[in-house]
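Below: one structure, written as structure tokens.
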Amino acid sequence: MKRSLASLMLLLSACQPSPNETEQPAPPSAAVTVAGPWLRATPPGAPVAGGFLTLHNGTLADDRLLAVESAVAQRVEIHEMRDEGGVARMRELVDGLPLPAGTTAELKPGGHHLMFIQPMRALPAGEQVDATLVFERAGRMPVVFEVRPLGAAAPHH
């Protein structure tokens, strides 16, 4: 009986993973981060304002920018620019902007960008605009856009 109990204990211990083989939780990953958010200034009555920023998904999971909310405009849309037969075409990304794990997406003039539709007022250069980015996985992220002059084409360095 002692021998069979010892054999059973030996068998069970052989089936257990060693401490080095146990499943370790995934190391913590970086978050989704935002850099350089800015808007182009608008004159009074302008129907739209262009918004730009850089997103980096430092996590191990794919994510997606689903929406942007701001009290400064009736709505904010996520857009892309495409060259179709030599003609630049802009369209809304109704399913949001994919942000695969470990990648960076630059929303810039002439490419992916945000359209602040029907601003509630003129947006003068030097002002700051609050908004909230809404991600599929990362959730809600507050961000402040710097309003730059009407002719601005790239972030300040």
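Coordinate-derived values only; no laboratory data. Please read all numbers here as calculations on a predicted model, not as lab measurements.
As a test of the definition: which semi-axes, in Å, follow for the range 73-157 when you take the square root of five times each eigenvalue of its alpha carbon gyration tensor? Largest first, please.
Taking √(5λ) for each eigenvalue gives 21, 19, 14 Å, largest first.
May I ask you to derive the relative contact order of the range 32-146, considering only C-alpha pairs under 8 Å and at least 6 residues apart, and to give it as an integer percent?
Once normalised by length, the contact order is 36 percent.
Find the Rg to Rh ratio for the range 105-146, where Rh is the Kirkwood radius over alpha-carbon pairs and Rg uses the same atoms.
Ratio value, two decimals: 0.99.
Amide H to amide H, which residues 5 or more places from Leu123 or on other chains are under 5 Å from it, using H placed in the peptide plane?
Correct list: Thr42.
What residues qualify as long-range amide H neighbours of Thr59, i.e. H under 5 Å apart, gap of 5 or more or another chain, H built at 1.01 Å from N?
Result for Thr59 returns Gly102.
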